[in-house]
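Student: Sending over a structure as structure tokens; questions will come in a sec.
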Amino acid sequence: MLVASSPAKAILFGEHAVVYGKPAIAISLDRRMNLTVFPAAEPEVDGGKLSMRKHRYVKQAYGDLWNGLSLAFRTSSTIPSASGLGSSAALSCSAVAALLFLRGMFSEESTARRAFEVEYNVQGRASPTDTSCSAHGSAIMVSPREEEDLLWTISALGTVWNVHHIEPPELKLVVGYTKKPSITSIQVEKVRNYYNRSGFARETIDDIGSLVMDGLKALRSGDLVKLGELMDRNHSLLTILGVTSKELDKLRDAAGPLSFGTKLTGAGGGGSIIALTDRPEQVCDAIRKRGGVPFAVTTSRTGTSIEVRDQDMLDTLIIPGPGEKN
Ligand code: PMV
């Protein structure tokens, strides 16, 4: 009846530090989470009863936004799950967007806001980087200050994130997926414990924040050598925070000699690295030889989108007029 589709993302600079209000830069990728929605006798996802244990993000979105007739959801995705590439953000954006659409309230900004709330409630501490990037597409910078091209401002528990559009850079990036899951909530909690007890951890978070602004300059001037250097440095700072792993470092070792720079992307622990390179095929081969799953990526200009497949069926479900459940 209705398909909501949202892109994956890669964080170029600033993961973890962004949770503490520091800046970050993320780009959306040409891999997507498609969520088909249709009426059903009872709420379900991929043929199973909708449950908090199995479908945390869809269940949270459904509880927050829907009180109409029962809906079924079918997922189809080219984003590996728990890979540091924002699969849960893309799922949250798609679920939220579909439900907002059925309420006559869909927009890019409302999707970004409500999907952030979904992630925040499911994961505990989170920043709006992944959800805003997936909702908007292209590339974004999140920062504590308002700059040019502000899209929206989101805050939680006193932390303010200003989300800005940035022109998607023409970069050749290769993702190397370790096949080891990256569990965002565990890595975020690990960093939080370290942050709370160590001044060195807090300085490291500050250092990541400063590096992101240098990254923005390098990105705007197309300085690949500088970008690569900053990616390597960002990775070293993430190593201090304890979120790399031997699987991630093995793939970095493979891609590093063929790249301008490499780093883990997303929460870490497992998940993926990204490599900035002008030799994508060779980097893919090197990653494959070390047991990783490589794929070359480009930026997606399209954020969350909605496609209506059956207008008649949709008409039976739409809740007329604006008015949020919450
Ligand atoms: O691994 P992912 O795709 O869930 O990205 C997490 C990014 C963090 O900065 C670690 C957390 C956040 O909410 O920003």
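The values are calculated or read from the model by the stated rules, or taken from the named source; none is laboratory data. Keep in mind it's a predicted model, so treat the numbers as computed, not measured. We place every Cβ from the backbone using ideal geometry, glycine too, and count neighbours over all the protein chains shown. Side chains included, ligands, DNA and RNA excluded: accessible areas come from the protein's heavy atoms. Shrake-Rupley method; radii C 1.70, N 1.55, O 1.52, S 1.80 Å.
Student: Rolling a 1.4 angstrom probe over the protein chains, ignoring ligands and nucleic acids, what is the accessible area of Asp207 in square angstrom, nearest 10?
Tutor: My reading of the accessible area for Asp207 is about 70 Å².
Student: Compute the distance in nm between two label points, each set 7 Å from the Cα along the Cα-to-Cβ direction, one at Phe200 and one at Arg290.
Tutor: Going from the Phe200 label point to the Arg290 one covers 2.5 nm.
Student: Here is a further query. Once you have the Cα-Cα distance between Thr316 and Ser236, take 0.36 nm times their residue separation minus that, and quote the gain in nm to one decimal.
Tutor: 23.4 nm
Student: On to the next question. Going through the range 1-80, which trypsin sites (Lys or Arg not before Pro) have at most 11 other Cβ atoms within 10 Å and a DSSP loop state?
Tutor: Loop-located and lightly packed - Arg53.
Student: Which residue, Ser88, Ser259, Ser185, tops the fluctuation ranking in a GNM of the chain built on C-alpha contacts under 10 Å?
Tutor: Ser185
Student: Rounded to the nearest 0.05, what FRET efficiency do His165 and Asp214 give with R0 = 25 Å and r taken as the Cβ-Cβ distance? Could you check?
Tutor: Approximately 0.80, to the nearest 0.05.
Student: For helix 108-123, what angle does its Cα long axis make with the longest principal axis of the chain, in degrees from 0 to 90 and rounded to 10?
Tutor: Here the helix axis deviates by roughly 80 degrees.
Student: Beyond a 30 Å Cα-Cα separation, which of these cross-linked pairs lie in this structure: Lys49/Lys246; Lys190/Lys263; Lys9/Lys190?
Tutor: Going by Cα-Cα distance, Lys49/Lys246 fall outside the 30 Å limit.
Student: Right, something else. How big, on average over all directions, is the shadow cast by the Cα convex hull of the range 2-306, in nm²?
Tutor: Directional mean of the projected Cα hull area for the range 2-306 stands at 14.5 nm².
Student: What distance in nm separates the two pseudo spin-label positions at Asp207 and Lys54, each 7 Å out from Cα along the beta-carbon direction?
Tutor: Inter-label distance under the simple model: 4.6 nm.
Student: Quick one: helix 56-65 against the long Cα principal axis of the chain, what's the angle to the nearest 10°, folded into 0 to 90?
Tutor: Helix 56-65 and the main axis of the chain meet at about 50 degrees.
Student: Sticking with this structure for a sec: Would you mind computing, in nm to one decimal, how far apart the modelled labels at Thr298 and Lys246 are, each placed 7 Å from Cα along Cα→Cβ?
Tutor: Result: 3.9 nm between the two label points.
Student: How high is the relative contact order of the range 198-304, in percent, counting Cα pairs under 8 Å that sit 6 or more residues apart?
Tutor: Rounded, it is 20 percent for the range 198-304.
Student: Evaluate E = 1/(1 + (r/R0)^6) for Glu42 and Val225, where r is the Cβ-Cβ distance and R0 equals 51 Å; express this FRET efficiency to the nearest 0.05.
Tutor: Rounded to the nearest 0.05, the efficiency is 0.35.
Student: Okay, next question. Kirkwood hydrodynamic radius (Cα pairs, Å) of the range 54-120?
Tutor: Evaluated on the range 54-120, it is 12.2 Å.
Student: What do you get for the angle between helix 184-197 and the principal long axis of the chain? Use alpha-carbon atoms, 0 to 90 degrees, nearest ten.
Tutor: Between helix and principal axis, roughly 50 degrees.
Student: Students often forget the sequence filter, so: which aspartates and glutamates lie under 12 Å Cα-Cα from Lys226 once same-chain residues fewer than 8 apart are removed?
Tutor: Filter leaves Asp214.
Student: Can you tell me how the range 90-198 classifies by the Cα gyration tensor, rounded, prolate or oblate, using a/c under 1.5 as the rounded cut?
Tutor: It is rounded, given that a/c, with a ≥ b ≥ c, falls under 1.5.
Student: Could I get the Rg over Rh figure for the range 181-309? Both from C-alpha atoms, Rh via Kirkwood, rounded to two places.
Tutor: Over the Cα atoms of the range 181-309, Rg/Rh equals 1.01.
Student: Test of understanding: given the chain, find the longest segment containing no GluC sites (Glu not before Pro) that are in a DSSP loop and have at most 15 other Cβ atoms within 10 Å.
Tutor: The longest such stretch corresponds to 171-323.
Student: Would you work out the relative contact order for the chain, in percent, from Cα pairs under 8 angstrom that are 6 or more residues apart?
Tutor: 26
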